[in-house]
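Asks: Here it is, the structure in full.
Any read-out appearing in this document is the output of simple, stated calculations on the displayed coordinates, not a laboratory observation. This one's a predicted model, so the numbers in the text were calculated from it and none came from an experiment. Here Cβ is always computed from backbone atoms with ideal geometry, including for glycine, and neighbour counts include all displayed protein chains.
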Amino acid sequence: MGSKIVAENIKLKRAYDDVHSGDGTRILVDRLWPRGVRKVDAAIDLWAKDIAPSTGLRKWFGHNPDRWPEFRRRYSEEMRQHRERLDELRALAQRGRITLVFAARDAAHNDAVVLRERLLGRSTSGAS
């Protein structure tokens, strides 16, 4: 897996927030493009929609915080099918700052949170 990633190298940001030079490589981690955001304004360097939760899982979760532990577990399982993409994102984070960009209103309960935990080597077993 290579060297450990410094936590400060992986930031999270809503697609609707302002772009800053300190964002580093901006990676959209949602399967769908954020509603109302122009591509030129989003300044996305990489759209990693293949690592996003499946449509079925996304719809099942529905951003319901009561389903968060189970969503984390299921999404973690889905990510196992995308080892190459995970390795690519880890390599980017080892080289410098990346920002995982997401559209969800809830900044604490979304796929980018789970993906960040996974990239940092933290447990995504479902415990909050």
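Asks: What residues have an amide H closer than 5 Å to that of A104, excluding those fewer than 5 places away on the same chain, when H is modeled at 1.01 Å from N in the peptide plane?
Replies: Amide H neighbours of A104: none.
Asks: Does region 7-119 come out rounded, prolate or oblate by the C-alpha gyration tensor, with a ≥ b ≥ c the root eigenvalues, rounded set by a/c under 1.5 and, if not, prolate when a/b is larger than b/c and oblate if not?
Replies: oblate
Asks: Counting Lys and Arg as +1 and Asp and Glu as -1, each charge on the Cβ, what is the dipole of the chain about the Cα centre in debye, to the nearest 20? Spell out each step's value before the answer.
Replies: Numbers: 26 positive and 18 negative charges, 26 e Å.
Dipole of the chain, to the nearest 20 debye: 120 debye.
Asks: Which of W68, A42, L119 sits closest to the plus end of the dipole of the chain, meaning its Cα is farthest towards the positive end, when Lys and Arg get +1 and Asp and Glu get -1 on the C-beta?
Replies: Of the options given, the answer is W68.
Asks: Apply the Karplus curve 6.51 cos²θ - 1.76 cosθ + 1.60, θ = phi - 60°, to the phi angles in region 49-60 and return the couplings in whole Hz, x for Gly and Pro.
Replies: Taking θ as phi minus 60°, the curve returns 5, 5, 8, 5, x, 4, 4, x, 5, 4, 5, 4 Hz for region 49-60.
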